[in-house]
Amino acid sequence: DGDADGGGGGDGEGFLVVATDTAHRHVETLLRRGIEDHAAARGVAPAATVSDVTGGLAQINLQGPRSRELLAALTSADVSDAAFPFRAARRVDIGCALVLATRITYVGELGYELFVPAESAAHVYEAIVAAGEPLGL
């Protein structure tokens, strides 16, 4: 049991976000056991791994009716509705960083969650603030 959301970068990698109020080590253990049990039942080696990347990523949210306009100003990627539908995940460039962007929202408006390498978090945040100023951020 836990609050989790999944996605990927379109490159065969899966990505699972587990809310901090659920014991993420508990979820990690359940996922590992599930992978091992699935492989053992089929007599094959496990085809997936589980890694806790909490310390390596920062999450920055862009939410609201102008979030697409803001993201479009930050990246060369196509973030149109057709190219980036709801619940999609894409790797996009923001400044000097490559981030995993997921189009998801829990506020009833258009929105994105950005998973940024920790070493690039301040740079990406500053780029968002600068690009967001003309939009009223």
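Contact annotation: residue pairs with Cβ atoms under 8 Å, 6 or more positions apart or on different chains, pairing a residue in the range 106-135 that is in a helix (DSSP H, G or I) with a partner that is of a type in the set (Asp, Glu), are Leu135/Glu69. Open to solvent by 50 Å² or more (accessible area, probe 1.4 Å), at pLDDT below 60, over 22 Å from Phe115 (Cβ atoms) and in a loop (DSSP other than H, G, I, E, B) - does that describe any residue in the range 1-20? The answer is yes; a qualifying residue exists.
Please go through the range 42-66 and pick out each residue that is open to solvent by 90 Å² or more (accessible area, probe 1.4 Å) and within 20 Å of Ser120 (Cα to Cα). Step through it out loud before you land on a result.
Initial filter on the range 42-66 (open to solvent by 90 Å² or more (accessible area, probe 1.4 Å)): 42, 47, 49, 54, 65-66.
Result: Thr54, single match.
Any chance you could count how many residues in the range 69-87 are in contact with a strand residue (DSSP E or B) (Cβ under 8 Å, 6 or more places away or on another chain) and open to solvent by 10 Å² or more (accessible area, probe 1.4 Å)?
Narrowing the range 69-87 to residues in contact with a strand residue (DSSP E or B) (Cβ under 8 Å, 6 or more places away or on another chain): 70-71, 74-77, 79, 84-87.
Subset that is open to solvent by 10 Å² or more (accessible area, probe 1.4 Å): 70, 74-77, 85-87.
Result for the range 69-87: 8.
Being within 30 Å of Arg33 (Cβ to Cβ) and either of a type in the set (Lys, Arg) or assigned to a helix (DSSP H, G or I) (or both) is a property that Arg68 lacks.
The values are calculated or read from the model by the stated rules, or taken from the named source; none is laboratory data. As the structure is a computational prediction, the values presented were derived from the model and not from experiment. So basically every Cβ, Gly included, is an ideal-geometry build from the backbone, and we count neighbours across all protein chains shown. Note: areas computed on protein heavy atoms with side chains; ligands, DNA, RNA excluded. Shrake-Rupley method; radii C 1.70, N 1.55, O 1.52, S 1.80 Å.
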